[in-house]
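What follows is a set of notes on a single structure, which appears directly below.
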Amino acid sequence: MNEMLLQLGKNAKDAETELRNITTNKKNEVLEAVADHLVECTERLLSANAIDVEHGKANHMPEGLVDRLLLTRERIEGMAEGLRQLVSLEDPIGEVTGMKKRPNGLLIGQKRVPLGVVGIIYEARPNVTADAFGLCFKTGNVVILKGGSDALHSNEAIVNCIRETLGAHGVTENAIQLIADTSRETAAEFMKMNEYVDVLIPRGGKGLIKAVVNQSTIPVIETGTGNCHIYVDESADLDMAVNIILNAKTQRVGVCNACESLLVHENVKEKLLPVLAKRLQEKHVEMRADKEAQTLMPGAVAATEEDWGTEYLDYILSIKVVHNVDEAIAHINKYNTGHSEAIITENYSNAQKFLDEVDAAAVYVNASTRFTDGFEFGYGAEIGISTQKLHARGPMGLLALTTTKYIIYGNGQIRP
């Protein structure tokens, strides 16, 4: 292992010991201060981010990904607000649950504790840097970040602001560390630091997540890609449907909870699709449709089999006409990535059927998939959106960054 990573690992283990004894009041004091300091550092953060954005555009980064990379004053304030929300949330660490008395007099319960050292490998999303720190710090975890080269300057600036605040408040700056070497070789070594890192969380595209799952010797919480669908049922309020589709597709195209595929019941296709096509064209969305939908959507091109399984992260939407809710559910369960799915309907039975049978981390009735987000769910922020089924699923807030240990009280019992 290279010396840089080895030192980061040792630093993290030392910091873990210190954070284990930090009080909730101290955590909240530091989080408030970090939030304030990030806002104070706005000009510094914007200057660093401008370098990354300029490089991204020069390298022909897709528009949606440039937007994901971009920091603005509002987004910096949003990062700070996420940290402030964490202050108001209950600290789960130390909670004792399920204390029971055994026939032999032993009292056995479970106490919630940090995971330890959390490693995060992520792509060009600077807000992840602040969110990851806040959630890990509130739960007493140390975090080691491995961001992508596209956001290196932004990530360094954010981490420096956070470390300055930690130092000023007498807390180890190594509660957060950034791996500045963005090479794949270093990433591969990082994935094998199970002696120092307790859990690894990848945040990014399909390629990154697959590489981490396949190569890591550290336990992985998989945050999946988002091939998210909206199904418009025959009983849907069509004005509502148009508004939800436009929001889910175009409010931010480069995020994992954006809608990528639309399913429309055949009984509403003639009323919905021509109107929707016009609105999508106004937003410069490319429409890739099956034969039935294409005839009703001027400007649409023919969809291929590949389109049904694609997370575009761009101004592209695939569209398919279906005969009923069962066909919609079957299509979604075949092609989705287990992230977020929505039905627009006024039919209670169909809504319940969709909620029961669609296999995804978040399933909506009459709302945009864009709400699958830790901030929107009231977690202050999120460490990622898990699409796996073990340990955590959906937006991962504070509880997802904890585990438990058994605590046992006795008065001299021995096993016969």
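The values are calculated or read from the model by the stated rules, or taken from the named source; none is laboratory data. From a predicted model like this one, the values you see are computed outputs, not experimental measurements. When we count neighbours, we look across all protein chains shown, and the Cβ atoms used for this are built from the backbone with ideal geometry, even at glycine. Calculation scope for accessible area: heavy atoms of the full protein, side chains included, ligands and nucleic acids excluded. Shrake-Rupley method; radii C 1.70, N 1.55, O 1.52, S 1.80 Å.
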So what is the calculated 222 nm ellipticity per residue for the chain, using -39500 (n - 2.57) for each DSSP H run with n of 4 or more, over all residues, to the nearest 500 deg cm²/dmol? -13000 deg cm²/dmol
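What is the extension gain from Glu77 to Asn160, computed as 0.36 nm multiplied by their sequence separation minus the C-alpha to C-alpha distance, in nm to one decimal? Display every interim value, and only then the final one.
Numbers: separation 83, 0.36 × 83 = 29.88 nm, distance 1.70 nm.
Working it through step by step, the gained length comes to 28.2 nm.
Let me check something: with ligands and nucleic acids excluded, how do Ser88, Ser154 order by accessible area (1.4 Å probe), largest to smallest? Numbers along the way, then the final one.
On the way: Ser88 95, Ser154 0 Å².
Final ranking, largest accessible area leading: Ser88, Ser154.
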If you stretched the chain out fully between Asp181 and Lys389, how much longer would it get, using 0.36 nm times the residue separation minus the C-alpha to C-alpha distance? 71.7 nm
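Please give the charge dipole size of the chain, origin at the Cα centre, charges +1 on K and R Cβ atoms and -1 on D and E Cβ atoms. Round to the nearest 20 debye. Working shown, then result.
Details: 42 positive and 57 negative charges, 292 e Å.
Result for the chain is approximately 1400 debye, rounded to the nearest 20.
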Using modelled amide H (1.01 Å from N, peptide plane; none on Pro or chain starts), what sits under 5 Å from the amide H of Glu286, excluding residues fewer than 5 places away? Ile316, Leu317
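Say R0 is 45 Å: what FRET efficiency, to the nearest 0.05, do Leu238 and Leu89 get from their beta-carbon distance?
E(calc), rounded to 0.05, equals 0.70.
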Name the trypsin sites (Lys or Arg not before Pro) in the range 348-405 that are in a loop by DSSP and that have at most 13 other C-beta atoms within 10 Å, would you? Lys389
Percent relative contact order for the range 323-416, counting Cα pairs under 8 Å at least six residues apart, stands at 21
Provide the solvent-accessible area of Leu390, counting protein heavy atoms only and rolling a 1.4 Å probe, rounded to the nearest 10 Å². 130
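Of the GluC sites (Glu not before Pro) in the range 29-104, which ones lie in a loop per DSSP and count no more than 13 other C-beta atoms within 10 Å?
Details: sites: Glu29, Glu32, Glu40, Glu43, Glu54, Glu63, Glu74, Glu77, Glu81, Glu90, Glu95; in loops: Glu90, Glu95.
Counting only loop positions with at most 13 other Cβ atoms within 10 Å, the GluC sites (Glu not before Pro) in the range 29-104 are Glu90.
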Return the distance in nm (one decimal) between the two label points of a simple spin-label model at His169 and Asn194, each offset 7 Å from Cα along Cα→Cβ. 3.5
Between Ala58 and Lys283, take the C-beta separation as r, use R0 = 35 Å, and let me know the FRET efficiency to the nearest 0.05. 0.85
Ordering Ser216, Ser340 by accessible area with a probe of 1.4 Å, largest first, what comes out? Ser216, Ser340
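Suppose R0 equals 45 Å; then what is the FRET efficiency for Leu399 and Ser47 from their Cβ-Cβ distance, rounded to the nearest 0.05? Numbers along the way, then the final one.
Details: r = 37 Å, r/R0 = 0.81.
FRET efficiency, Leu399 to Ser47: 0.80.
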Spin-label model distance (nm) - Asn333 vs Thr17, 7 Å beyond Cα toward Cβ: 5.2
Roughly how many nanometres apart are two label points built 7 Å out from the Cα toward the Cβ at Leu107 and Thr24? 1.9
Orphan Cys of the chain, criterion: no other Cys C-beta under 4.7 Å: Cys136, Cys228, Cys256, Cys259
Can you tell me what share of the DSSP beta bridges in the chain is antiparallel? A percent to the nearest 5 is fine. 30
Which aspartates and glutamates have a Cα lying under 14 Å from the Cα of Lys13, excluding residues fewer than 8 positions away in the same chain? Glu173, Glu195, Asp198
Dipole moment magnitude, nearest 20 debye, the range 1-67 about Cα centre, only Lys, Arg, Asp, Glu C-beta charged: 320
Computed accessible area, Glu266, all protein chains, 1.4 angstrom probe, square angstrom: 60
Could you check how much of the accessible area of the chain is carbon and sulfur, as a whole percent, using a 1.4 Å probe? 48
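Counting only heavy atoms of protein chains, what accessible area per residue, in Å², does the chain have with a probe of 1.4 Å? Kindly include the intermediate steps, with their values, before the conclusion.
Details: 18310 Å² over 416 residues.
It amounts to 44 Å² per residue over the chain.
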Putting +1 on Lys and Arg Cβ atoms and -1 on Asp and Glu Cβ atoms, find which of Val30, Leu296, Val264 reaches farthest to the positive end of the dipole of the chain. Val30
Distance from the range 282-300 to the range 139-211 (C-alpha centre basis), Å: 42
Given the options Ile108, Leu69, Ile230, identify the residue whose Cα lies farthest towards the positive end of the charge dipole of the chain (+1 on Cβ of Lys, Arg; -1 on Cβ of Asp, Glu). Ile108
For Glu195, what accessible surface area do you get with a 1.4 Å probe? Give it in Å², rounded to 10. 140
For the range 12-45 and the range 355-416, write down the distance between their C-alpha centroids in whole Å. 24
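Under 29 Å between alpha carbons: how many lysine pairs meet that in the range 20-134, if sequence neighbours fewer than 8 apart on the same chain are excluded? Show your work: numbers first, answer last.
Values: Lys26/Lys111; Lys27/Lys111; Lys100/Lys111; Lys101/Lys111.
Lysine pairs meeting the criterion: 4.
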Using a Cα-Cα cut-off of under 22 Å, which lysines could be cross-linked to Lys353, ignoring same-chain neighbours fewer than 8 residues away? Lys269, Lys320, Lys334, Lys389
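Between Met4 and Asn411, 0.36 nm times their residue separation minus their Cα-Cα distance comes to what? Before the final figure, lay out each step's value.
On the way: separation 407, 0.36 × 407 = 146.52 nm, distance 4.82 nm.
Working it through step by step, the gained length comes to 141.7 nm.
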